[in-house]
Each structure stands twice: as structure tokens, then as C-alpha cells.
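Report on one structure; see the data block that follows.
Taken together, the values in this text are just the output of simple stated rules run on the coordinates, not laboratory data. None of these values were measured; they are calculated from a predicted model. Cβ placement follows ideal geometry from the backbone for every residue including glycine, while neighbour counts extend to all protein chains displayed.
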Amino acid sequence: MRKSVGLTLIAVVVFLFLTVPLIIITATAFGEASTIRFPIQGFTLKWFTATFASRSFMSSLGLSFALASYATLLALLVGIPASYALSKTTFRTNPRLRAFFLSPTFVPGIVVGYALFQFLVIQWRMPVFAGLLLGHFLVSLPYVIRVVGASLEQFDFSIEEVAWSLGCNKPKAFLKVVLPNIGSGIVAAFMLSFINSFNNIPVSMFLTGPGVSTLPTTLMNYIEYSYDPSVSAISVVLMGVTVVLMVIVERTLGIGSLAK
Amino acid sequence: MSYAVLENIRVSYDGKTPVLTDLNLSIERGELVSLLGASGCGKTTTLRVVGGFIEPRAGRFTLNGVDMTRTAVHKRNFGLVFQSYALFPHLTVFENVAFGLKLRKIESASLKSRVMAMLDITDLGALANRYPRQLSGGQRQRVALARALVVEPQLLLLDEPLSNLDAKLRLSMRVEIKRLQKKLGITTIFVTHDQEECFSISDRVAIMDKGVIQQFDTPEAIYSHPANEFVARFVGFTNFFNLTASGTGRCLNNLGEEMVIDEIRNHTGGQTSWTGAIRPDDIVLTGTEVSGTNRLTGSVEVRTFLGKSYQYELETKLGRVVVNAPKDSIFEPGTLVCAHLPSDKIVLC
Amino acid sequence: MKRSVFLLLIAPGILLLTIFLFYPLVVTLAPTFSNNGPSLARYLAFFSDSYYLAVFFRTVWIAVVATLVCMILGVPTAYFISRRRRSKSFLMALSIFPLLTNPVVRAFAWINILGRNGVLNSLLLSWGWITTPLTLLYTDFSILIGTIYLFLPLMIVTLVGSMDTIEEEVTEAAESLGASRLVTFFKVVLPLSLPGIVVGSVLVFTGAITAYSTPNLLGGNKNMLLATLIYQRAMSLADWTSAGVIAFVMIVMTVVTVMVMQKVSRRLDRR
């Protein structure tokens, strides 16, 4: 491929813009000074050890992890059957039903959070975790519907019919033939939904309660009041997790599957 | 000096595995030359070198004596037709054909008349305002051809232009291409993997394999005198056997029997061994055993019906022999038959 | 599939969405339409309050500029990526990575760069280009930079997806007909990626008007946007009605943008 100078120049500038800020954060996590300085002086891992020793960070990390897992599982449990039903049938209402399932994307996250806060927390006095779980489920569902729906569109349903003809009943055929063949779509949906739930701020902002806070909200509150390299250290840890997830996706599905 | 000349072209994508190795090809003005070969043989790569999409690692490409090896694609003025047609989906038929002329700043009255004339030649006049998605495969192909021809290219490059069409359309389009090419006198390179299509349309054919031109000649010459076993297989020879020289103008097969071969007179060099080849159609089958030269006895293993004839696979002492025999006499599997290999039908390669 | 099975499969989703999304929305937003009987008084009040209007227009302005910048930077970058072979998946990974990184982290990165003692000010001071640190953080400028940084990867990834559907042979055909790289880009690639550009712009625009963490961290208390305003009205001031009004305004903006762009996109897509 021959190169075009102008295009290359723009692309280089854009990629510097995208990466340099994250590189700077990474560097500042290792500085010895008690406020963030760049370039850093000295080299230390104390901010990492401080982070791992901090109870509020660790408990919010645990909460975020559990929340993202449960919300994603719930979204898969609800979303996969719905996508399957929508792609197997040609009812006239299907496009509208699909739009209904995708509707959480049209409601700003902060509004979802606010409405659930009013309704679940103030009116129903629901436990904080339940509220968070429902909010994150709403955020996750559209990813499942979209990604699993796309892979069901690619699926050749005659394979399922062959399974029936070989004596497989319908639930079993779904589990043994359909599910394995849309596996990559499910994994991609899981990853997208997990990461977006894990990173979510607007929905969580309203729904976190005393002593129960997700990692992003804890981090945000921390940044608002103090400014030391432990935030950089947490950022590095979070980016590390993202890298691991991306490597897993790249090895199993190819990185392009997250871009659909 | 020929019109279009490729000299010692070498292409490799990764620097290690060669795609083209020292390829040489000379094309005369007004000629239609085909590059024929299986996928991966380097024919499309050769075309892309000529088109300017690939810069060769070594070698030269000259057109009319001018070195164009490093000339940018858009400055070459070559017409290009792809297998996928590659029409501009956002432009109408007229706009597609006018694309090249607009870039050449042709003033609008003459642009319009040239486009319309080209659309008439290609029988597209009525479709000028349609979009590509509203056209059939054959119509898209004609738009692609019109778009390439209207700029009066110095060279027309066709990359499997007929492969996406159904069999009937393919036949009429290839006549159409030949007609237009001769009428406009455009030097053309045609890439295909279809032997019949290629032979019917070309003035000369280059048969390629593994990045090397195996034979470059007229279709007739290739058909009757393949240069080597690869080419022979490509043009329909299925039966091969080893031959060794035994004195002047004579040779023996693996069993030590003498074979009479007319073509051996042309092989007077010091060569002492050859591969003989014959097409299934050229072998004559008889039920009764006849002794004599160029005769083989064998038993029928498999018989398949081809429509005009039957194809037999025989097990002989020289190995498996494939024969196409007329329908008037049918041999059942298991019976013994005698195959006659006429001396004028055996080629040496 | 039998209708009963179909209903059984979609029922859980329908129920959950109805009970936990639509019902709460209706319950929360209904009071904003009444003032001793049905009325739009609260919305009229919102749009005649100069402070609210300022926040509204600041939100729209930042979203529009961010969308334009993402478009201008994203289109060439996406084209660059879509035409690579070997480095393509690496460049895609590089674009997707920020997208998957926590928005708080991404905003924090710009606090480090734009702050009074941040990287940019220290660099400019040490080069002697300025003598006192510039106020970059907690301004509209810092929100804008943060928003562009947040959504540029989304634009790029969307556009690469769209440009990948343009066959390479089509651009090659254009070049063979005498179009230089630049002309091919403007006459063939750009018109064919318009639908993708529209989709990307909708994602950036709607994302920008609803993003919370970026304006919260980079804008501070003075430079409110709708998303930060809604939180402040609800949580700090317990002003439920204003929060409801803002929430409904944001929903309408999102839905209208999506619907308008769907119309536009359908018209543009002539393939």
C-alpha cells in the first residue's frame, strides 16, 4: 500500500491525541511526590500498595465487579431468548418490539438513574444493590439485543431444523445447536455489556447509597476532593484490566467484533 | 519494440515468498492477450502491476517505449474492469461513465455526446439515469466496460470480467467484448481462469503457474502443442506416460514396447526422455483385442455418461487411462477393451 | 414458532422494561406537565430562565463543536485505518482501547494535562512561551477537549465499519479513471461514507449532550451542562421538578436527534 503524506499526518496526530494522555497517567502513577507531577521524580510503587490497602477502593471494586457480572448475566438471560424469538418470527410488530428492547439507549443514563432513584429508592425503599442492578441491567440489555441479534441474523436456521429432524426436541436443539453457533456473539455481548456496566457513571451516580459505591463513583468523588497519584494507580489498574479483556477478545473473536 | 512490455518483473508481498519471478511479457498494439491460470498463479498480480496498484520489487514496465513502472495509477490512462464491476454506487449510469471525462475537464456538451455515444455502443442508452443497484449483472458489466472505454484508454485491463455472470450471458458478453475491442482497436489484457473463454477471445494466451509464464502463444498453438505437462493438463490432456528414446525417431514406453509418435520428428535435439500425452477424446476404443503398436489392453473400471459420449476409466499396464468414446458401442464395467492411441494425436512435452 | 412460545420468550424483557424503565419515567416526569391541572408552565419557565437557557445552549454548543471536530478528525483517520492491511487490527485496538477505558480515568487524564500545574502549563512555562499559568481547566474549553477525547474513538470505530463496506476496487476504479488520491477521497469515499458519518455524528452528539462525568470533572461548578445540572438540582437542592423538566428535555433532544438523522441517513444511502 502506497502512503499518502497528508492522511498519515492527520492519523498520527489523532493517535497521539488519543494515547498521550493515558501514557501520562500511567507515568504519574509511579512518581514519589504526594501530588501529581509530570515528568515524575523518583520511582515508587507505594501508590499501588496504598490503593490495594484502601478499604473503600477495594470494596467498591468488588461491588463494581459483582454488579457488572450480575447485570450482564441478567441482560443475557432476558436478551438472548428475546433476540431468538424476534429473529425466528416475522410478525409485523417485530421491528417495534426490537425498538422497544433498544429503548434504554434513547434515554440518557443520567435520566435512567434519576427516574430509578425517584421510584426505587425514594418510593419503594429498595436495597441499594437491587436498584443498581436494575439500572445496570437497563444499560446492558441493548448491547445484548443488538450483538446477539446480529449473530442470529448470520445464523443458518436450517441447522436447527436438521437437529429437530434428527430427533432433538426444541429446547435441547436451542441449547446444543443454536447457542454454540452464536457463541461468539454472546461473548462479544458479554464483554461489551460488562465493560459498559463496569465503567458506568450516570446511572450509578443516583443509585449509590451510604457505604455502597461503585468504583467509578468512588474514584470520581475522590478526584473531586483530593489530587494524589493513587488515582493514577487505580487508573493504571483499570487500564490493565481493559488490556486483558481486549487481549482475550482478540484471541477468541478478533478485535473487530467489539466494533460492530 | 512491442507496445506493452513487462521486463523481469519481480513481486513479493513479504519480501520472502515470490509472487512473480522475473516475469517477461510483450504485447503488440491492438492485441488481446489473456493471462490464464488457476487462482494464486499470479495473473491478477501481473495485471495489478500493469495497472499501477502494485510496485514491483524489480523490473520494468514500458508502454509505447515510455517507462511507466512508477507512474501513479491516475496518470496512466488505462481502462480497468473488475470482476465485481466496482461501479460507483452513489452515481447513476451516466455519471459513472462520465466520471473519467469530468476529471479530464471535457466541456459539458462534448462530454454528454461522448458518454451517450458510449452508452449507445454498449446498449445502455435507456438506462442512463438508473443507479447501479437497479441494474442486472450483465448491465452492470456493460456499464463497467463503457466507463473504462469512454476515456479512450491506452490499455484496457479486464480482471475476470465475466466470472460473476451466468453461463448464457457470459457467452454473449465475451463476443461483445471481442467486438468492441477490435472495433476500437484497444490493446487489451484479459485475466481469467476459464480456458474456453480465454481461447475463444484471445489473440495470444499466457498460461501462468506459480508466478511464471509457462507458455505464451496463440490459442491454436497452445492447444495442439503444449510446452510442458502443466500446460498440457490445463488444456485437457489427462493421460500421461513416460517415454525413452531408442534410436533416431523412435521411443519406448515403460513396458519396453515401442510407440510410434509423429511429433518425435520435431524433437531432434539430444533429448532422450519425454512425457507423452493424449486427450481422452483422441483415444479409440474397441471391444476386441487388436495387436499392434500404440495399443493398450485394459479393463473398464468406471463408466460415466457425458451426454455426447461416455467416459471410461481403464486400468492398463501403463496405469489409469481416461477415454471418451462415442455412444454407439457401450462397454460394461469389468470387460476387457483395447485402446488405440493414434500416432498423430500424441504430443510430447 | 407458536405465538405462545414467542410471547413467553419476550415477556421477561417487556415486563422488566415496562416496570423499571417506562413506569418510573412516567411517574417521575408526569408531575412536570401539571401545575394544578395539565400545563406546560414548567417548561415555559425553564426556557425563559436565563440561567437554564445558558446551560442549555452551552450543552448544545459544546455537543455541536465536539461533533464537528470528531467528524473532521475522524473521517481521515478512519479512512487511514480502513485502508491498512497489516496494521489495521492494531490501529483498531488503539482506537477501541480509550472507548473501553473508564470515562472518569479519561477525564482525569485531562485534569493532569490542563490543570494550573498540569503538563501543558509546565511545558509552556519551561519553554518560556508564557509567564503565568493559563487557566485551562474548569472552562468550556476543557469540557470541549474532554468531550472530543471521549467520543472521537467512537466516531473512528463507527466510520471504519462504514468505510470497510466500500470495496477497494471501487476506489481503484476511480484512480484508474484519472482521479488522484485526494479526488478519489472526495468524490467516491466521502459520499459513500456519508451514512456512516451521520450515524457517528448522532452517537457523538447524543453522547455529548448526556455525558455526566466529563463535564462534572472538567467543568467544575461554574460551567454546568444539562447532565450536571440535573444531578445538582436533584441531589443538592432536592428540586425534583426542575430535575424532571431537564430530564424530559434531554430525552426529547436525544430522540429528536436520532429520528431526524435516521431520515437524513435513509435519504443519503443511495446504495
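Descriptive notes on the structure:
- Euclidean distance of C-alpha centroids, the stretch C:198-271 and the stretch A:201-247, integer Å: 23
- Candidates B:Asp22, B:Asp282, B:Asp328, ranked by Gaussian network fluctuation over chain B, Cα under 10 Å, top entry: B:Asp328
- Inter-chain neighbour count for A:73-82: the average number of beta-carbon atoms from partner chains within 10 Å of each residue's beta-carbon is 3.
- Shielding score for B:84-95, defined as the mean number of other chain Cβ atoms within 10 Å: 5
- Cα lying deepest toward the dipole's positive end in chain B, options B:Leu63, B:Ile213, B:Pro18, charges on Cβ: B:Leu63
- Degrees between helix B:108-121 axis and first principal axis of chain B (Cα, 0 to 90, nearest 10): 20
- Within chain B, longest stretch clear of exposed GluC sites (Glu not before Pro) (DSSP loop, no more than 15 other Cβ within 10 Å): B:108-256
- The ellipsoid that matches the Cα gyration tensor of chain B has semi-axes, each √(5λ) in whole angstrom, of 47, 25, 15, with the longest given first.
- Cut-off under 5 Å, modelled amide H: who pairs with B:Leu35 long-range: B:Phe190, B:Val191, B:Thr192, B:Ala206
- Against the rule of thumb 2.2 N^0.38 Å, how large the Cα Rg of the protein assembly as shown comes out: 1.24
- Each of C:Ala234, A:Ala27, C:Gly74 was placed along the dipole of the protein assembly as shown (beta-carbon charges, centred on the mean Cα), and the one lying farthest toward the positive end is C:Ala234.
- Average beta-carbon neighbours from other chains, 10 Å sphere, peptide A:13-20: 6
- Helix B:93-103 and the longest principal axis of the C-alpha atoms of chain B enclose an angle of approximately 70°.
- Long hydrophobic helices in chain C, taken as whole DSSP H segments with a C-alpha length of 15 Å or more on their own axis and mean Kyte-Doolittle hydropathy at least 0.0: C:3-17, C:50-82, C:88-100, C:103-114, C:140-163, C:190-210, C:240-268.
- Of C:Asn117, C:Asn35, C:Asn216, the one that fluctuates the most in a GNM where chain C has Cα springs shorter than 10 Å: C:Asn35
- Global form of the stretch B:237-348, assessed from the alpha-carbon gyration tensor, a/c cut-off 1.5: prolate
- Charge dipole (debye, nearest 20) of the stretch A:1-124; +1 at Cβ of Lys and Arg, -1 at Cβ of Asp and Glu: 460
- Relative to the longest principal axis of the Cα atoms of chain A, the long axis of helix A:215-225 lies at roughly 30 degrees.
- For chain A, built as a Gaussian network whose Cα springs stay under 10 Å, the top-fluctuating residue of A:Thr51, A:Thr90, A:Thr28: A:Thr90
- Pairwise centroid distance, computed over Cα atoms, of the stretch A:102-142 with the stretch C:1-62, Å: 13
- Sorted peptide list for A:57-68, A:8-19, C:59-70, criterion being average Cβ within 10 angstrom, highest first: C:59-70, A:57-68, A:8-19
- For chain A, adding -39500 (n - 2.57) for each run of n ≥ 4 DSSP H residues and dividing by the number of residues yields -22500 deg cm²/dmol at 222 nm.
- Helix-only arithmetic for chain C: the sum of -39500 (n - 2.57) across DSSP H runs with n ≥ 4, divided by the residue total, places the mean residue ellipticity at 222 nm at -23500 deg cm²/dmol.
- Per-residue [θ]222 nm for chain B (sum of -39500 (n - 2.57) over DSSP H runs n ≥ 4, rounded to 500): -7000 deg cm²/dmol
- Note on the stretch C:72-97 and the stretch B:285-339: Cα centroid distance 62 Å, given to the nearest whole angstrom.
- Mean Cβ neighbour count within 10 Å, used as a protection proxy, ranking A:134-147, B:142-155 highest first: A:134-147, B:142-155
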